[in-house]
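The values are calculated or read from the model by the stated rules, or taken from the named source; none is laboratory data. Since this is a predicted model, take the numbers as computed values, not measurements. FYI the Cβ positions are ideal-geometry reconstructions off the backbone, even for glycines, and counts take in every protein chain you see.
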Amino acid sequence: MQGAELAKIIEMLPIHQPVTDAYQAENPLGTPRPGKSWRNQREHLAGWLRELSGPGAYGRESRNWDAKAAYNHFQCAPGLLWLSEALGEEPDIVKQAVLEVKAAPPRAASQCAAVRRVIPWSRIEQLLRQR
C-alpha cells in the first residue's frame, strides 16, 4: 500500500477519537498552531502522506514511501495515536500507548517510537484489513 492509498482511507475516518482527544487536551504537542495547514490529526496525517510523492512542504525530493515506511517516519505521536484509535484499536491499547508517550523524553522521535512499540505497523495493517 502506498502513502496516497492510506491517505484515502484516513480521509474517511472520524476526526474525533476520545483517547487521542483527551491526550491532546492535556498535551498541546501535535496540535495545530498558527501557520499550519491542518486543523486536526486526520488532515495532518492525510496531508503528510499525500506529500510523499512530491517535494512536500519543505521542498524535499520525492520519497515515494509505502505506507509502512510512512508510518515509521511520521513524527507526531498524537497523529499515530489518532490513526490507531480511528482504525478501531482497543481503547486500553491506545491508553497504554499514551502512557508510554508520557513516559518518553519530550522529543517527537522518542514519543513516536513509544507509540510504535505498543502499536507497530503490523497492528495497523491488521486493523486496515479488518475494515
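Some notes on this structure:
- Pairs where the first residue, in segment 1-26, is assigned to a helix (DSSP H, G or I) and the second is aromatic (Phe, Trp, Tyr), C-beta under 7 Å, 6+ apart: Gly3/Trp65; Thr20/Trp82
- The residue of segment 72-131 that is surrounded by the most Cβ atoms within 10 Å (Cβ to Cβ), among those that are part of a loop (DSSP other than H, G, I, E, B) and touching a residue at least 60 places away in the same chain (Cβ under 8 Å), is Leu87.
- Counting residues in segment 84-106 that are at pLDDT below 90, farther than 24 Å from Gln2 by Cα and under 13 Å from the mean Cα position of the chain (by Cα) gives zero.
- Residue count, segment 27-53 (criterion: in a helix (DSSP H, G or I) and modelled with pLDDT of 90 or more): 8
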